[in-house]
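One structure is given below, encoded as structure tokens.
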Amino acid sequence: MKKTRFAPSPTGLLHLGNAYSALVCEQWAKKHDAALFLRVEDIDFTRCKPKFSKQMLDDLTWLGISFDVVSFQQQRLVLYEQALQQLIDMDVLYPCFCTRKQVNATLASQKVNRHLKTEHCLEAYPGTCKHLATELRQQQMLNMPYAWRLDCQTVFERVGKLCAWQDVQGHKHLFNVLDIGDVIIGRKDIRFSYHLCVVVDDAEQGITHVIRGEDLRSSTPVHHVLQRLLGYKSPQYLHHVLITNNEGVRLAKSKGSPALQALRENGVTAEQVRQSLGF
Ligand code: GLU
């Protein structure tokens, strides 16, 4: 059976952009007779709040979307720990002690433009902690907080240079493994990165089709590589367009897109929201 999911992060109130994404997932699930999962991505406890999770569930019910399965990442930490450990044991991660400030300063001194991303490269990292002497590394691990970064070069040696993820039409999207950069897989503060949790959840929940916004397209190669390393089956992907307001600005919480809760309080009906978004 086909399975897809809507996976919002409760860092604020659901807005029209999120509603659009949820409705695209619902429409796709109905059309393909697929099970629809709601995954509350509340892994980042520094930004996610239970009150937003609760409001999100209310808003989605109000919008008339029903889900076959509802899950919360905070209840699945054991699974993420196992996967992180598996990657550490495979020697494809290395501990990184750098602060964001240090990374930026080093990149600036090397004249690397950290905003200069390729289509796939998510973050530039100057490699400061990559080649630390074993003794120093072990000593620092005892005394300093650290993140776990993916060692792209080692991944390249394990899985080869070119990989490809597949879209829902079966088209292959080739990418160079070295282009994804040494992304953070285990975070210093909350232990697990978004990338790790998403990949574990999609595999463990048997998601066959990932429907999500175009803004996450650049994460897909990272997810594909993690699936390869962890021995998971890769889902097929559809990155939907991001809707914009009349001025062409993407609808997002940060850009003041109206919250569903506010629309609802102002008497807007769920039907009107659906229609205004083209459903
Ligand atoms: N939780 C992510 C977000 O709200 C989406 C994750 C995904 O669909 O892969 O942006």
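Just so you know, all these numbers are worked out from the coordinates, no wet-lab data involved. Note that the structure is predicted; figures quoted are calculated from it, not measured. FYI the Cβ positions are ideal-geometry reconstructions off the backbone, even for glycines, and counts take in every protein chain you see.
Summary of computed values
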read-out	value
Segment 23-74: radius of gyration and largest Cα-Cα distance (Dmax), Å	12.2, 37
Overall Cα dimensions of segment 2-52, principal axis frame, Å, largest first	36, 21, 12
Hydrodynamic radius by Kirkwood, which averages 1/r over all alpha carbon pairs of segment 163-224, in angstrom	12.8 Å
14 Å Cα-Cα reach of K49 towards aspartates and glutamates, excluding residues that sit fewer than 8 places from it in its own chain	E41
At most 12 other Cβ within 10 Å, DSSP loop - GluC sites (Glu not before Pro), segment 192-262	E247
Semi-axis lengths (Å, descending) of the ellipsoid that matches the C-alpha gyration tensor of segment 53-100	36, 15, 8
Kirkwood-type radius of the chain, with distances r between different C-alpha atoms, in Å	20.2 Å
Principal semi-axes in Å for segment 4-142 [√(5λ), Cα gyration tensor, largest first]	38, 19, 16
5 angstrom amide H check on H32, placed H, neighbours 5+ away	none
Antiparallel content of DSSP bridges confined to the chain, in %, to 5	45 percent
Placed amide H near K3: partners under 5 Å, 5+ positions off or other chain	A35, T208, H209
Two-decimal Rg to Rh for segment 172-279 - Kirkwood Rh, Cα set	1.06
Folded to 0 to 90 degrees: helix 194-204 orientation relative to the chain principal axis, Cα	70 degrees
Test item: Cα-centred dipole of the chain, Lys/Arg +1 and Asp/Glu -1 on Cβ, debye	380 debye
Hydrodynamic radius by Kirkwood, which averages 1/r over all alpha carbon pairs of segment 86-219, in angstrom	16.4 Å
Which listed pairs, of K2/K172; K31/K233; K30/K51, have C-alpha distances above 25 Å, in listed order	K30/K51
